[in-house]
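What follows is a set of notes on a single structure, which appears directly below.
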């Protein structure tokens, strides 16, 4: 059902995306509609949809990757070796994880949050779907809640992103208060009249620290903190590497199709606001550019010191998101959107490829473990059994020879898994921006 829903979503997004590619001045004539309203005192929350060029491209990218990830997940979530067949006879007969249905429900809700966010017509509904993804990230990162590390990582991700969301909510409140008319509808909030009005306002001069500062700059920075949390920018980047505790399809969802992409898309969706901020309060945009540029260098430096394959990819994601944020900080909004789209495709490829590699290494280690177990049993008969391999101290750190994610336990990928090996090479070349032949170079 989940895969079928993802396929239908992709098929529906296809003509919308091609309309965005082919229509002249498509961005100037977005498709907008209202579904219903929720009364809130003297005003109302208007729930509807807004499809323009950026959202149409995001619909195509997200829906395509969702199909790939859902299909991959159906084969990835197999019956674990460590569980007893007698305890889970139905799941074992199907060859699936006992919580497979729950997993697919969670990632379907995750996908719904991202798709709803992309087509939201107001900042308040955008924020609601934004929080739906935050909830799903907590549920999916901690999916294997038997592991203490997974439980800790899920709480860390949830609490860290909430810090950014609270600050972002303050910015949304200020935007609503100072806008004319007071509205969080994108069509009203981002029109020329309201943006010019915001650019003329300043904080009262008798206020400490922020006295006399342009209000539009303060609003832009406060909302940007939502991106800092969601897109794992410094200093709220700490949750993303630990999010690797979840299943590999979750990692691909977070790093490519949803979650971290939403933070950058927030800035792209509000690009008229940030374009005016670039002129009215350049210091605010310099702050955005500095955070993005520093994060790009900072995370890439950390990545080269990692041995866990998924943590290397996690820090590379943080670095690439830093490039996108830096591009927005200097006003290069189309470049940020282009790199957001290309990065999503090759990063999904790399994460799904890493999952296949980890599965292969786990299979090999499981085979070796069974062989050693048989050997130990034979040795015990003669009084000289063997114990589990101990950690190995090396010049490059401590090596656990049974860690399936440690790249030092890997090798011979092209020989043993040639298709995975070549696709991984293609993704790696795109990530490194190999000249002319890869999307990473052009973006």
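Every number here is computed from the coordinates shown, using simple stated rules; none is lab data. Computed from a prediction, not measured in an experiment: that's the story for all the values here. Counting neighbours? That spans all protein chains shown, and the Cβs are built from the backbone with ideal geometry, glycine included.
Mean projected area of the Cα convex hull of region 236-320, taken over all directions, amounts to 5.8 nm². Using a cutoff of 8 angstrom between alpha carbon atoms and counting only pairs six or more residues apart, the relative contact order for region 159-309 works out to 25 percent. Counting only alpha carbon atoms, the long axis of helix 418-431 and the longest principal axis of the chain meet at about 30°.
Among 13, 93, 182, the largest mean-square fluctuation in a Gaussian network model of the chain (Cα springs under 10 Å) belongs to 93. Among 78, 227, 161, the residue with the largest mean-square fluctuation in a Gaussian network model of the chain, with springs joining Cα atoms closer than 10 Å, is 78. Peptide packing: for 183-195, 49-61, the average count of neighbouring Cβ atoms within 10 Å per residue gives the ranking 49-61, 183-195, highest mean first. Only one item in (1) 1.63; (2) 0.98; (3) 1.08 matches Cα Rg over 2.2 N^0.38 Å derived from the coordinates shown, and that item is (3). Over region 164-267, the Kirkwood radius and the radius of gyration, each from Cα atoms, give a ratio Rg/Rh of 1.09.
Taking Cα atoms only, the orientation of helix 53-76 departs from the longest principal axis of the chain by about 20 degrees. Entry note, the chain: relative contact order of 12 percent, from Cα contacts under 8 Å with a spacing of 6+ residues.
For region 116-196, averaging the sequence separation of C-alpha pairs within contact (under 8 Å, six or more residues apart) and dividing by the residue count gives a relative contact order of 26 percent. Using Cα atoms only, what is the angle between the long axis of helix 309-329 and the major principal axis of the chain, expressed in degrees (0 to 90) to the nearest 10? Computed tilt is about 10 degrees. Cβ crowding within 10 Å ranks 178, 76 as 178, 76, fewest other Cβ atoms first. Between 363, 339, 237, the Gaussian network model of the chain with springs among Cα atoms under 10 angstrom shows the greatest mean-square fluctuation at 363.
Each semi-axis of the equivalent ellipsoid for region 121-170 is √(5λ) with λ an eigenvalue of the Cα gyration tensor; in descending order they amount to 25, 12, 4 Å.
Using just its DSSP H runs of length 4 or more, each adding -39500 (n - 2.57), the chain gives a mean residue ellipticity at 222 nm of -21500 deg cm²/dmol after division by all residues.
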